[in-house]
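Structure record follows, encoded as structure tokens.
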Amino acid sequence: MRKPGKRETGNGTRRPLPVSAADEAGIGAALAQARLAAASDEVPVGAVVVRRENPIARGHNETVARGDPTAHAELLAIQQALKTLGADRLDDCTLYVTLEPCAQCAGAIVLAKVARLVFGAYDPKAGMAGSVGDLLRHPKLNHRVEVIGGVEAEACGELLRDYFRAKRAE
Ligand SMILES: [Zn+2]
């Protein structure tokens, strides 16, 4: 079991770090998005992009509604943030997402040069911020992202467990 609020260093060592109030609030906002997803019968993952303490974009999974398996919360939030800013990079932004990003979304985080990623639950099956692999701090990639994982991991994971439990019961 990983403990919450640890800065990931990407080399196997993890230094404990107190989670800031701003990061707690950011994950809280992402959780609100995840609950919206659950309410529309989407896999409950939510994301928020924050720039200088202001939320500038929000998203939740819309893979069912859009019939698009790539419509993940953090990808939609990144796209919206870029559009809102009229910019091609988010190098002064923090992305909050309730679940560790997959390969696609980790790729988008690198391409959009997101400065920081704070995520909730780890995803041992698909997470590319340390679980399955690590695209965000790949030694050969130009852009490295500051990553903090496991913030409010229990609440973020519980939403997902409830969703899949209900699906299996259908
Ligand atoms: Zn993804």
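Here, each number is a calculation from the coordinates, and none is a lab measurement. Model, not experiment: these values are computed from the prediction. With ideal geometry, Cβ positions are generated from the backbone for all residues, glycine too; neighbour counts draw on all protein chains shown.
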Discussion item. Apply the Karplus curve 6.51 cos²θ - 1.76 cosθ + 1.60, θ = phi - 60°, to the phi angles in region 112-121 and return the couplings in whole Hz, x for Gly and Pro.
Written reply: 7, 6, 5, 6, 9, 10, 10, 10, x, 6
Worksheet entry | Bridge type composition, region 63-170 - antiparallel percent by DSSP, nearest 5 | 10
Worksheet, complete the sentence: Asserting the computed 222 nm helical MRE of the chain (DSSP H runs at least 4 long, -39500 (n - 2.57) per run, divided by residue count, to nearest 500) equals -11500 deg cm²/dmol
Discussion item. Can you compute the label reach from THR70? Point 7 Å from Cα along the Cβ direction, backbone N cut-off under 20 Å, restricted to region 84-110.
Written reply: 84, 87-90, 101-110
Response to the item:
Here region 23-31 yields Karplus 3J(HN,Hα) values (6.51, -1.76, 1.60; θ = phi - 60°; whole Hz; Gly and Pro given as x) of 6, 4, 5, x, 5, x, 5, 5, 4
Item to complete: Go ahead and collect, in residue order, the members of region 58-90 whose backbone nitrogen is under 14 Å from a label point 7 Å along the Cα-Cβ direction of ASP41.
Response: 63-67
Practice prompt. Let me have the relative contact order for the chain, percent, based on Cα pairs under 8 Å that are six or more residues apart.
Written response: 22
Fill in: Positive-pole candidate from GLY26, GLY149, ALA121, dipole of the chain, charges at beta carbon
GLY149
Worksheet item: Whose amide H sits under 5 Å from the amide H of GLY127, counting only residues 5 or more places off or on another chain, with H placed in the peptide plane?
Response: VAL132
